[in-house]
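Here's the structure, in structure tokens; my notes come after.
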Amino acid sequence: MKQTDETTIKLNKDEALVLFEFLSRINDNELKEIFEDQAEQKILWILEGQLEKQLAEPFKPDYKDIIKEARNKIRDEE
């Protein structure tokens, strides 16, 4: 078996959308105090960029409705 330095994380579409939205908010804010090292912030930028390449929904005019529906599907029932 060939060993690789890459790791794969599988998310369904709703999970990817919710994660992208979260990362977008984190990366848009100056929250430097939450990071212990700049590498942590950089990896969040990288993850956001990778999701952005794969998701068309954030660019749709009804994105707010799409993300709301995705959150509702994932959220625990109260």
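The values are calculated or read from the model by the stated rules, or taken from the named source; none is laboratory data. Predicted model, so just to flag it, every value in this text is computed and none were measured. Cβ placement follows ideal geometry from the backbone for every residue including glycine, while neighbour counts extend to all protein chains displayed. Note: accessible area is taken over every heavy atom of the protein model, side chains too, but ligands, DNA and RNA are not part of it. Shrake-Rupley method; radii C 1.70, N 1.55, O 1.52, S 1.80 Å.
How big is the charge dipole of the chain about its Cα centre, in debye rounded to the nearest 20, if each Lys and Arg gets +1 on its Cβ and each Asp and Glu gets -1 on its Cβ?
Values: 13 positive and 20 negative charges, 71 e Å.
So the dipole magnitude of the chain works out to roughly 340 debye.
Leaving out ligands and nucleic acids, and using a 1.4 Å probe, what accessible area per residue does the chain come to in Å²? Working shown, then result.
Values: 6870 Å² over 78 residues.
Here the per-residue accessible area is 88 Å².
Pick from Leu23, Leu11, Leu44: which is most flexible by mean-square fluctuation in a GNM of the chain where alpha carbon atoms under 10 Å apart are linked?
With Cα springs under 10 Å in the chain, the top fluctuation among Leu23, Leu11, Leu44 is at Leu11.
Relative contact order (percent) for the chain, with alpha-carbon contacts under 8 angstrom and 6 or more residues of separation? Write down the numbers at each step before the final one.
Details: 32 pairs, mean separation 35.6, N = 78.
Reported as a whole number, the value is 46 percent.
Mind checking which of Glu36, Glu52, Glu21 has the largest fluctuation in a GNM of the chain, springs on alpha carbons under 10 Å?
Comparing Glu36, Glu52, Glu21 in a Gaussian network model of the chain, the most mobile one is Glu36.
What angle do you read, to the nearest 10 degrees and between 0 and 90, between the alpha-carbon axis of helix 63-74 and the longest principal axis of the chain?
Relative to the chain, helix 63-74 is tipped by roughly 80 degrees.
Going by average Cβ density within 10 Å per residue, which order do the peptides 64-71, 25-32 take, highest to lowest?
Details: 64-71: 14.1, 25-32: 10.2.
Final packing ranking: 64-71, 25-32.
What is the percent carbon and sulfur in the accessible area of the chain, measuring with a 1.4 Å probe over the protein chains and ignoring ligands? Walk me through the numbers on the way to the answer.
Working: 3360 of 6870 Å².
The computed percentage sits at 49.
How tilted is helix 13-28 with respect to the longest principal axis of the chain? Cα atoms for both, answer in degrees (0 to 90, nearest 10).
70
How large is log10 of I(q)/I(0) for the chain at q = 0.25, 0.27 Å⁻¹ when the intensity is taken from the Debye formula with one equal scatterer per alpha-carbon?
One equal scatterer on each Cα of the chain leads to -1.20, -1.28.
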